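The values are calculated or read from the model by the stated rules, or taken from the named source; none is laboratory data. All of these numbers come straight from a predicted model, not from anything done at the bench. FYI the Cβ positions are ideal-geometry reconstructions off the backbone, even for glycines, and counts take in every protein chain you see. SASA here: full protein model, heavy atoms, side chains in, ligands and nucleic acids out. Shrake-Rupley method; radii C 1.70, N 1.55, O 1.52, S 1.80 Å.
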Amino acid sequence: MKYAFLLYPHANVRYRQSLLTLAREELSMTLAALGRGGDVGSVQMGGATFLTFEAEKLTQRDVRMLSQLASVYVMFTMEDAQMTPMEPDHPDYIGEDLPALLKYKGKTNEMFTDTMLTMALAASAFMGLHDSQLVVLDPMAGRGTTPMLALRRGYHGIGIEIARAEVKEACDYMTRYLEFHKIKHKRSESSLTVRGKAGGRETKFVFSDTAEHFKDGDTRTLRLILGDTRDAALLLRPQSVHLMVCDIPYGVQKGTAGRQDTIGGTIEQAAPGWFEVLRPGGALAMSFNTHVTRRAQLERTLERAGFEIVPTGDLTHWVEQAITRDVILARRAGT
């Protein structure tokens, strides 16, 4: 059977081509993880861009997983000259606007971050897990776009961030969002001990999509941790995370707990801890600015920490002047 997936449009013509490359890889990886491998092409129809492929008739499970594709607007089947829209089967657990409303300078487009989340899931051994079982960590979380995208899908989200102001803004925003939408929840605060002394502070939100589910204990959790990403193995339990998604800073310097370091130096010190908190079979998706960080350097750093690099197509793409972005995928072996 033939399928055609309509992509979200983008106003920037130059970036639109980059999105096409990312979207094709996102779909190809997902189809391969579902055992539906095949060539994914692209075609223009009616002035819009579609990704196309052929496969045996998709199952309900296939459609559910493909409904999470960040770059796809509408899915169609194609038979002769007729296109029939497919009904998506992965409704948002919480409002679609949660990761999008909080705007700030330097924020990565949430659609791109969501694409990385899909790639990490496809590269992992956890495609078949129920949403409520998946835990997603962003070890350099900023204001929490990644864990909020995880919550939208019905996963659990964790963010570690050293900048106090960014953690506070993310916590305040989450509180306002839950209260405005009258979503039943609990918020708690706790101090975290690292090496025998205060090493961070955690704000935890527990909530549910309905009051009935909240009462029954069917909840999701967001943990926003003010702490040093190099202490991840001390802030989190070993092997407690299924997926990691990280958009590392695009600048040259990254201050961490009063210690100034290069991006590469920070990742080198943090990677062993990231590996320790990731479950066997778990996957990491990381984006970086090629003008600041070299892929070969990152690959060596991750491999020394125990990760296996996941082969992908060329994901390098232009973002703006002085930023050419690339994505690296890595996995912890095992299931």
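Numbers for the structure displayed
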| item | result |
| --- | --- |
| Residue among S240, S208, S190 with the largest mean-square fluctuation in a Gaussian network model of the chain, springs linking Cα atoms under 10 Å | S190 |
| Per residue value of the accessible surface for the chain (all protein chains in place, 1.4 Å probe), Å² | 46 Å² |
| Calculated P(r) of the stretch 83-232 - Cα pairs past 18 Å, % | 58 percent |
| Whether the stretch 1-138 is rounded, prolate or oblate, judged on the alpha carbon gyration tensor where a/c under 1.5 counts as rounded | oblate |
| Efficiency of FRET between E56 and R304 - r from beta-carbon atoms, R0 51 angstrom, step 0.05 | 0.80 |
| For G199, residues with placed amide H under 5 Å, excluding near neighbours | L192, T193, V194 |
| Helix-derived mean residue ellipticity, 222 nm - over the chain, DSSP H n ≥ 4, -39500 (n - 2.57), to 500 | -9500 deg cm²/dmol |
| Where labels lie 7 Å past Cα in the beta-carbon direction, separation of R295 and Q133 in nm | 3.3 nm |
| Heavy-atom accessible surface of the stretch 113-166: percent carbon and sulfur, 1.4 Å | 49 percent |
| Nonlocal amide H pairs with D89, under 5 Å, H built at 1.01 Å | S67 |
| Volume per residue that the Cα convex hull of the stretch 234-333 spans, once the total is divided by residue count, Å³ | 93 Å³ |
| The stretch 1-93 - percent of accessible surface contributed by carbon and sulfur, probe 1.4 Å | 50 percent |
| Reciprocal mean inverse distance between Cα atoms of the stretch 277-329 - Kirkwood radius, Å | 12.0 Å |
| Test item: Cα-centred dipole of the chain, Lys/Arg +1 and Asp/Glu -1 on Cβ, debye | 1120 debye |
| Candidates T221, T312, T84: whichever shows maximal mean-square fluctuation once the chain is modelled as a Gaussian network with Cα springs under 10 Å | T84 |
| Fraction of accessible area attributable to carbon and sulfur, the stretch 232-335 (%, probe 1.4 Å) | 48 percent |
| For the chain: Kirkwood Rh in Å [reciprocal of mean 1/r, alpha carbons] | 20.5 Å |
| Using distinct alpha-carbon pairs, which all enter the 1/r mean, Kirkwood radius of the stretch 118-191 in Å | 13.5 Å |
| Cβ crowding within 10 Å averaged over residues, with 302-310, 88-96, 279-287 ranked highest first | 279-287, 302-310, 88-96 |
